[in-house]
Amino acid sequence: MEPTWDAARMEVLRVPADDPRVAPLHLSLTEEYVARYGPSAHDEMSRSARHEFAPPHGGFLVLTLDGETVAGGGFRRHAADTAELKRIWTHPRRRRLGLASRILAEIEQAARRLGYHRLYLTTGPRQPEASGLYGSVGYRRVPCRPVPADGRPALCFEKAL
């Protein structure tokens, strides 16, 4: 799909997970997860400590357009050579413009620079657009490891870098 935004007005920023520019992502994802999975989805958003996304083993990136956070996501160590992607998000008004693919590519590059050779992620069964995105950019379905502790059904993907 051809983007309908001016790439010159976009900026990719590596920020701490508690940076104010990440707040729109956390708020919007929480609302979306609660709408799709119910009130217990709050637990998912608080499960990962923000320091897990800090160097030297992790990172958090946001994509801004004219200073507005429009996409983002983070990664943390999953295994010695594998990073786990978390909180991949695009602003609801900015979806279907190629921004999710763009932020994924930026996160993949950042993980590669830290020496990771593989990426792993988990998404929920009520997020078919996420599964479609991951499949379209080279991720393949794999058994979940470890199996999600909360017992929720999950779809797991990985990609070699």
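What FRET efficiency would be calculated for the residue pair SER46, LEU13, taking the C-beta separation as r and a Förster radius of 25 Å, to the nearest 0.05?
That gives a FRET efficiency of 0.60.
Restricting to DSSP H runs of at least four residues, report the calculated mean residue ellipticity at 222 nm for the chain, -39500 (n - 2.57) per run over all residues, nearest 500 deg cm²/dmol.
-9000 deg cm²/dmol
Using the Karplus curve 6.51 cos²θ - 1.76 cosθ + 1.60 with θ = phi - 60°, work out ³J(HN,Hα) for each residue of segment 79-91 in order, rounded to whole Hz, and write x for Gly and Pro.
Working through the residues one at a time gives 7, 3, 10, 10, 9, 9, 7, 9, 6, 6, 8, 10, 3 Hz.
Looking at segment 13-161, what % of its DSSP beta bridges pair antiparallel, to the nearest 5?
In segment 13-161, approximately 85 percent of DSSP beta bridges are antiparallel ones.
Can you give the FRET efficiency for ALA154 and ARG113, using 1/(1 + (r/R0)^6), R0 = 25 Å, r = Cβ-Cβ distance, to the nearest 0.05?
Efficiency, from the Cβ-Cβ distance: 0.35.
Just TYR37, TYR116, TYR139 to compare: in a GNM of the chain, with alpha carbon springs under 10 Å, which one fluctuates most?
TYR37
Taking the mean number of other Cβ atoms within 10 Å as a proxy for protection, how do you rank 10-17, 45-52, 65-72 from highest to lowest?
Averaged packing, sorted descending, gives the order 65-72, 10-17, 45-52.
Short version: ³J(HN,Hα) in whole Hz for each residue of segment 58-68, in order, from phi by Karplus 6.51 cos²θ - 1.76 cosθ + 1.60 (θ = phi - 60°), x for Gly and Pro, what are they?
Per residue, the Karplus-derived 3J(HN,Hα) values read x, x, 9, 10, 10, 10, 10, 10, 6, x, 8 Hz.
Applying the Karplus parametrisation 6.51 cos²θ - 1.76 cosθ + 1.60 with θ = phi - 60° to the phi angles of segment 38-44, what ³J(HN,Hα) value in whole Hz is obtained for each residue in order, glycine and proline being reported as x?
x, x, 5, 5, 4, 4, 4
Check which residues have an amide H placed less than 5 Å from VAL70's amide H, if you skip close sequence neighbours.
Residues meeting the amide H criterion: LEU63, THR64, LEU65.
Could you pull out every residue, at least 5 positions away or on a different chain, whose amide H is within less than 5 Å of the one on MET10? Hs are placed 1.01 Å off N in the peptide plane, and Pro or chain starts have none.
Distant-sequence amide H within range of MET10: zero hits.
Given that just one value was derived from the coordinates, which of (1) 10, 41, 40, 8, 0; (2) 10, 32, 26, 20, 10, 2, 1; (3) 11, 39, 38, 11, 1 is P(r) over Cα pairs in 10 Å bins from 0, in percent?
For P(r) over Cα pairs in 10 Å bins from 0, in percent, the calculated option is (1).
If amide hydrogens are placed 1.01 Å from N in the peptide plane, which non-local residues have theirs closer than 5 Å to the one on GLY138?
Under 5 Å from the amide H of GLY138 lies no amide H from a residue far enough along the sequence or on another chain.
Give the calculated FRET efficiency between ALA35 and THR122 to the nearest 0.05, with a Förster radius of 25 Å applied to their Cβ-Cβ distance.
Working from the Cβ atoms, E equals 0.85.
Would any residue of segment 87-107 have its amide N under 20 Å from a label point 7 Å out along Cα→Cβ of VAL142? List them or say none.
Only 87-88, 104-107 pass the distance filter.
Read-outs throughout are calculated quantities, based only on the coordinates presented, and are distinct from any laboratory measurement. Quantities reported herein were computed from a predicted structural model and do not represent experimental measurements. In this analysis, Cβ positions are derived from the backbone assuming ideal geometry, glycine residues included, and neighbour counts consider all displayed protein chains.
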